[in-house]
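Here's the structure, in structure tokens; my notes come after.
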Amino acid sequence: MKLLRIDSSARRNSVTRTLTQRFAEKWKEQHPSGRIIERDLSATVLPLISDEWVEAAHSDPSQWTPAHRQAVSPSDALVAELSEADLVVIGAPMYNFSIPFPLKAWIDHIVRRGKTFTYGPEGAKGLLADKKVVVITSRAGVYGPGTSAQKADFQEPYLRFILGFIGLTDLTFIHAESQGYEAGNASLVAARQQIDQSASQATQV
């Protein structure tokens, strides 16, 4: 069993890092022989998507130049890392109503035609399946259904869509909301409880 833990916060002691760590620890208790792969995106310098990257992603590898291979090398590594994991936990703090830049850069590298999705007669089809994903967020506001701020949530809807696009449809979102405010304490306690439950249920993977 392999758990891929992805952190994207710019802060070393962030709420999401604390919570993904808790998830990993609880999962390890259930899988003492399991392997945890840690990907700290804030410490991973990913190159921007380039002409060479796009050309390589849409051409036969036998036609690649050394520049093409170099451009997609980080993508190859990240896709392999994701594909080999049985379970994925992603720490995603809300930045400006959306996700951190490092997480978006990771997404740009792993959403790749022929690797994680393809097109057929019925349109796009995700190639990653049989994998559970837990997304743990922290945010200062409350953005749930029916709230006045729901329309400003470009975090969960985007992640649901883009992860589903590559076949990751078994998604659980755990939100630590109202962070920085008194109400955030209760939300953090609830998030920890959800994490413990999700880590336990993940043993069924």
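Restricting attention to the stretch 18-38, does a residue exist that is touching a residue at least 40 places away in the same chain (Cβ under 8 Å) and more than 20 Å from residue 201 (Cα to Cα)?
no
Mind listing whichever residues of the stretch 161-195 are over 29 Å from residue 124 (Cβ atoms) and surrounded by 13 or more Cβ atoms within 10 Å (Cβ to Cβ)?
Within the stretch 161-195, 176, 177, 178, 179, 184, 187, 188, 190, 191, 192, 194, 195 meet the criteria.
Kindly check whether there is at least one residue in the stretch 41-58 that is in a strand (DSSP E or B), at pLDDT 95 or above and touching a helix residue (DSSP H, G or I) at 6+ places or on another chain (Cβ under 7 Å).
No, there is no match, as no residue in the stretch 41-58 is in a strand (DSSP E or B), at pLDDT 95 or above and touching a helix residue (DSSP H, G or I) at 6+ places or on another chain (Cβ under 7 Å).
With the checklist (1) outside any strand (DSSP E or B); (2) touching a helix residue (DSSP H, G or I) at 6+ places or on another chain (Cβ under 8 Å); (3) closer than 30 Å to residue 176 by Cα; (4) of a type outside the set (Ser, Thr, Tyr) in hand, flag the one item residue 28 doesn't pass.
Looking at each condition in turn, residue 28 falls short on (2).
Consider the stretch 1-25. How many of its residues are surrounded by 17 or more Cβ atoms within 10 Å (Cβ to Cβ) and either in a loop (DSSP other than H, G, I, E, B) or on the phi > 0 side of the Ramachandran plot (or both)?
3
Picking from 78, 82, 127, which residue would you name as being touching a residue at least 60 places away in the same chain (Cβ under 8 Å) and among the aliphatic types (A, V, I, L, M)?
Among 78, 82, 127, only 82 is touching a residue at least 60 places away in the same chain (Cβ under 8 Å) and among the aliphatic types (A, V, I, L, M).
Can you pull out the strands (runs of 3 or more DSSP E) entirely within the stretch 86-158 that have at least 1 residues that are open to solvent by less than 30 Å² (accessible area, probe 1.4 Å) and touching a Gly at 6+ places or on another chain (Cβ under 7 Å)?
117-120, 123-126, 132-138
So, in the stretch 31-40, of the ones that are part of a loop (DSSP other than H, G, I, E, B) and in contact with a helix residue (DSSP H, G or I) (Cβ under 8 Å, 6 or more places away or on another chain), which residue ends up least open to solvent (accessible area, probe 1.4 Å)?
Result: 34.
In the stretch 167-205, what count of residues is obtained for those that are at pLDDT 90 or above, within 19 Å of the chain's Cα centre (by Cα) and not in a helix (DSSP H, G or I)?
Of the residues in the stretch 167-205, 11 are at pLDDT 90 or above, within 19 Å of the chain's Cα centre (by Cα) and not in a helix (DSSP H, G or I).
Scan the stretch 41-71 residue by residue and report those that are surrounded by 15 or more Cβ atoms within 10 Å (Cβ to Cβ) and free of Cβ contacts under 8 Å to residues at least 24 places away in the same chain.
52, 53, 55, 56, 64, 68, 70
The values are calculated or read from the model by the stated rules, or taken from the named source; none is laboratory data. The model shown is predicted, which means the values in this text are computed figures rather than measured ones. Here the Cβ is made from the backbone with ideal geometry for all residues, glycine too, and neighbour counts use every protein chain on show. Surface areas here come from the heavy atoms of the whole protein model, side chains and all, with no ligands, DNA or RNA. Shrake-Rupley method; radii C 1.70, N 1.55, O 1.52, S 1.80 Å.
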